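K.L.:
Before anything else, here's the structure in question.
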Amino acid sequence: MDHKEFDNIIIGAGPAGMRACAIARERGESVCVVERREVGGTCLNRGCIPTKALVQSASVISVVASASGFGVGIAGEIQHDYSVASARKDEVVASLRKGAEMSIGAGIVVYGDARIVSADTVEVGGTLLHAAKRMIIASGSRPARLRVPGAELAITSDEFLRLTELPSELVVIGGGVIGMECACIAHAFGCKVTVVEYCREILPGLDAEMAKRLRSMLSRRGVTVVVGAQVTSLESTEQGGITVTYADRRGDHTLTAPMVMMATGRRAVLPDGLTDTGVVLTASGAVSTDDRMMSSVPGIYAIGDCNGRLMLAHAASAQAEVAMGVRDSVESVPSVVFTLPECAQVGTLNSDTPGALIVGKAMYGANGMASAMGQTEGFVKVAVDAATRRIAGCCAIGAGADAIVQEASIAMAGDMTADTLRTRAVFAHPTLSELLLSALPL
């Protein structure tokens with residue numbers, strides 16, 4: 001069996017693995033990246049990028065539908081073709097994947113399934129790869145399914161993003177980020193959509209008021225959202241549909257549609273043999289890591305989705321920097337939900353201690369740019385620590401929510417107080433950024 005030695009062996013060529021590889025190469029260290037599918041990982045190929053390409057198509061439909069109010073006439077009914085949108089999505093992904101492959105460099109990636117032989121050795125296709133300095137597990141995650149009868153009848157986000165045409169009706173099980181983004185895409189293209197969420201509100205983990213506002217806005221547009229509902233089974237019908245049975249406080253109910261999508265979280269994907277080395281897993285099956293992203297076995301690190309800490313591409317890249325020793329920690333990480341409209345959040349806006357946080361709020365309807373854009377629905381909230389006046393969190397729902405929350409994230413990373421941001425920074429007018437300034441509590 002052939003043997004090869006490198007300073008670093010990285011398993012997985014997604015955002016985490018690619019960033020770790022780039023740092024190693026900048027240092028002049030040798031590196032081998034093992035990838036079993038495509039460079040770019042879930043984010044580029046089956047997640048962030050294809051979803052956002054489709055969301056952009058959905059957004060264009062919304063813009064065209066409101067064109068007459070801006071003095072632009074559209075002759076006849078608006079025509080949309082999901083197969084064209086899907087093909088455009090594939091083109092975007094292919095182009096970015098090619099760029100990612102070029103950025104890694106020639107001869108760096110070995111394609112195949114990795115099997116961990118020991119704490120510093122990986123076997124791929126009959127070749128043993130030895131890591132002299134560190135082995136980094138960046139193997140990502142896969143869609144999870146509910147453990148209920150008939151769960152296999154539902155598609156996951158992987159299959160949804162491969163569709164070239166949409167059904168007339170779609171039931172989405174799970175009102176988290178993935179479920180809500182896909183629901184918005186399908187609805188924009190004329191699909192009747194029902195979302196069934198187990199928790200009391202959609203987007204669990206994010207600000208409840210923001211989530212409630214999104215649910216209300218989508219409901220007014222025709223998306224049915226059922227919360228506090230536990231799916232108990234899926235069953236095929238004689239007509240070729242799928243019946244979803246769920247229970248809530250009022251009893252049992254059923255929904256029947258030609259297609260059901262299950263968006264109930266993700267689970268870590270780990271290479272074979274990893275636990276045989278003594279690596280400890282969390283209760284959810286992810287790799288347990290310390291603050292340096294090292295596993296319970298010295299020399300083996302886990303970054304990105306496979307450690308279950310925060311399943312976001314940008315968090316994965318930051319974790320790679322921690323593992324490689326160029327970043328101390330991963331804090332103030334913003335989350336963005338590319339629904340229509342966008343939702344975004346960083347930090348926390350709630351505290352168990354009464355009076356610990358002071359929360360300010362600004363409405364889009366009072367912002368000059370939002371009014372000019374015709375985007376007056378939504379709000380921005382900012383929470384400030386009552387004792388230190390430092391910004392504890394920010395959330396936004398509406399146009400440009402991602403950029404507004406990113407600005408707050410930068411302020412938080414710089415340990416700025418609300419007063420410093422208000423008195424030192426000058427916000428351009430008219431801009432949506434002024435919403436952040438307006439939301440800062442006095």
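K.L.:
Please tell me if I391 is crowded, with 23+ Cβ neighbours inside 10 Å and farther than 26 Å from S216 by Cα. Lay out the reasoning, then the answer.
P.N.:
On the way: crowded, with 23+ Cβ neighbours inside 10 Å: yes; farther than 26 Å from S216 by Cα: yes.
Yes; evaluated as a whole, the condition is true for this residue.
Each row is one residue, and each column tells you yes or no for (1) under 25 Å from P15 (Cα atoms); (2) of a type outside the set (A, V, I, L, M); (3) modelled with pLDDT under 95; (4) surrounded by 15 or more Cβ atoms within 10 Å (Cβ to Cβ).
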{"position": "V92", "(1), (2), (3), (4)": "yes, no, no, yes"}
{"position": "L146", "(1), (2), (3), (4)": "no, no, no, yes"}
{"position": "L170", "(1), (2), (3), (4)": "no, no, no, yes"}
{"position": "C182", "(1), (2), (3), (4)": "yes, yes, no, yes"}
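K.L.:
Something else: May I ask you to say which residue of G325, G304 is surrounded by 20 or more Cβ atoms within 10 Å (Cβ to Cβ) and at positive phi? Quick ask: steps written out before the conclusion?
P.N.:
On the way: G325 fails: surrounded by 20 or more Cβ atoms within 10 Å (Cβ to Cβ).
Of G325, G304, the one residue that is surrounded by 20 or more Cβ atoms within 10 Å (Cβ to Cβ) and at positive phi is G304.
K.L.:
Considering (1) part of a strand (DSSP E or B); (2) within 27 Å of the chain's Cα centre (by Cα); (3) aliphatic (A, V, I, L, M), say which one L255 fails and leave the rest.
P.N.:
(2)
K.L.:
Filter the range 187-210 down to the residues that are of a type in the set (A, V, I, L, M) and outside any helix (DSSP H, G or I), then identify the one that is nearest to S59 (Cα to Cα). Walk me through how you get there before you give the answer.
P.N.:
Initially, the range 187-210 is screened for residues of a type in the set (A, V, I, L, M), giving 188, 193, 195-196, 202-203, 206, 208, 210.
Now narrow it down to the ones that are outside any helix (DSSP H, G or I): 193, 195-196, 202-203, 206.
Details: V193: 17, V195: 20, V196: 23, I202: 21, L203: 20, L206: 23 Å.
Here the answer is V193.
K.L.:
If you go through the range 271-322, how many residues are in a loop (DSSP other than H, G, I, E, B), among the β-branched types (V, I, T) and more than 23 Å from the chain's Cα centre (by Cα)? Please lay out each step first, then the result.
P.N.:
Taking the range 271-322 first, the residues in a loop (DSSP other than H, G, I, E, B) are 271, 273-274, 278-280, 282-286, 288-293, 295-299, 303, 308-312.
Remaining after also requiring among the β-branched types (V, I, T): 279-280, 282, 289, 297, 303.
Next cut, more than 23 Å from the chain's Cα centre (by Cα) only: 279-280, 297.
Final tally of qualifying residues: 3.
K.L.:
With the condition kept exactly as written, say whether any residue in the range 252-275 is under 30 Å from E123 (Cβ atoms) and of a type in the set (G, A, S). Break it down into steps so the answer makes sense when it comes.
P.N.:
Step one: list which residues in the range 252-275 are under 30 Å from E123 (Cβ atoms), which gives 266-275.
Adding the requirement that they be of a type in the set (G, A, S) leaves 268, 273.
Scanning the range 252-275 turns up at least one residue that is under 30 Å from E123 (Cβ atoms) and of a type in the set (G, A, S).
K.L.:
Being free of Cβ contacts under 8 Å to residues at least 12 places away in the same chain and not β-branched (V, I, T) is the filter; apply it to the range 426-438 and report the residue that is surrounded by the fewest Cβ atoms within 10 Å (Cβ to Cβ). It would help to see each step written out before you state the result.
P.N.:
Step one: of the range 426-438, the residues free of Cβ contacts under 8 Å to residues at least 12 places away in the same chain are 426-428.
This time we only want the ones that are not β-branched (V, I, T), so: 427-428.
Values: F427: 16, A428: 8.
Per the stated criteria, the residue is A428.
K.L.:
Got at least one residue in the range 395-411 being part of a strand (DSSP E or B), on the phi < 0 side of the Ramachandran plot and surrounded by fewer than 17 Cβ atoms within 10 Å (Cβ to Cβ)?
P.N.:
Within the range 395-411, the first condition is being part of a strand (DSSP E or B), and the residues that meet it are 395-397.
Cutting the leftovers down to on the phi < 0 side of the Ramachandran plot gives us 395-397.
With surrounded by fewer than 17 Cβ atoms within 10 Å (Cβ to Cβ) added as a condition, the list becomes none.
Scanning the range 395-411 turns up no residue that is part of a strand (DSSP E or B), on the phi < 0 side of the Ramachandran plot and surrounded by fewer than 17 Cβ atoms within 10 Å (Cβ to Cβ).
K.L.:
Could you list all residues from the range 132-186 that are in a strand (DSSP E or B), under 19 Å from S83 (Cα atoms) and β-branched (V, I, T)? If you could, list the steps in order and put the result at the bottom.
P.N.:
Of the range 132-186, the ones in a strand (DSSP E or B) are 132-137, 141-143, 155, 169-173.
Now drop any that are not under 19 Å from S83 (Cα atoms), which leaves 155, 169-170.
Listed by number, the list holds a single entry, I155.
K.L.:
Looking at the range 240-252, can you tell me whether even one residue there is among the aliphatic types (A, V, I, L, M), surrounded by fewer than 17 Cβ atoms within 10 Å (Cβ to Cβ) and not in a loop (DSSP other than H, G, I, E, B)? So that I can check it myself, show each step before the final result.
P.N.:
At the first step, the residues of the range 240-252 found to be among the aliphatic types (A, V, I, L, M) are 242, 244, 247.
When the remaining residues are screened for being surrounded by fewer than 17 Cβ atoms within 10 Å (Cβ to Cβ), the result is 247.
Narrowing the set further to residues that are not in a loop (DSSP other than H, G, I, E, B) leaves 247.
Yes, because at least one residue in the range 240-252 is among the aliphatic types (A, V, I, L, M), surrounded by fewer than 17 Cβ atoms within 10 Å (Cβ to Cβ) and not in a loop (DSSP other than H, G, I, E, B).
K.L.:
Only one of (1) within 26 Å of the chain's Cα centre (by Cα); (2) in contact (Cβ under 8 Å) with a residue 60 or more places away in the chain; (3) closer than 16 Å to A383 by Cβ; (4) surrounded by fewer than 22 Cβ atoms within 10 Å (Cβ to Cβ) is not met by D415, so which one is it?
P.N.:
Failing condition for D415: (2).
K.L.:
Continuing with the same structure: Restricting to the range 342-363, count the residues that are in contact with a helix residue (DSSP H, G or I) (Cβ under 7 Å, 6 or more places away or on another chain) and not charged (D, E, K, R). Full working, then the answer.
P.N.:
The first filter runs over the range 342-363 and keeps only residues in contact with a helix residue (DSSP H, G or I) (Cβ under 7 Å, 6 or more places away or on another chain), leaving 342-347, 360-362.
Applying the additional criterion that residues be not charged (D, E, K, R) yields 343-347, 360, 362.
Within the range 342-363, residues that are in contact with a helix residue (DSSP H, G or I) (Cβ under 7 Å, 6 or more places away or on another chain) and not charged (D, E, K, R) number 7.
The values are calculated or read from the model by the stated rules, or taken from the named source; none is laboratory data. Just so we're clear, the structure is a prediction, and the values are computed from it rather than from any experiment. Glycine gets a Cβ as well: all are built from the backbone with ideal geometry, and neighbour counts include every protein chain shown.
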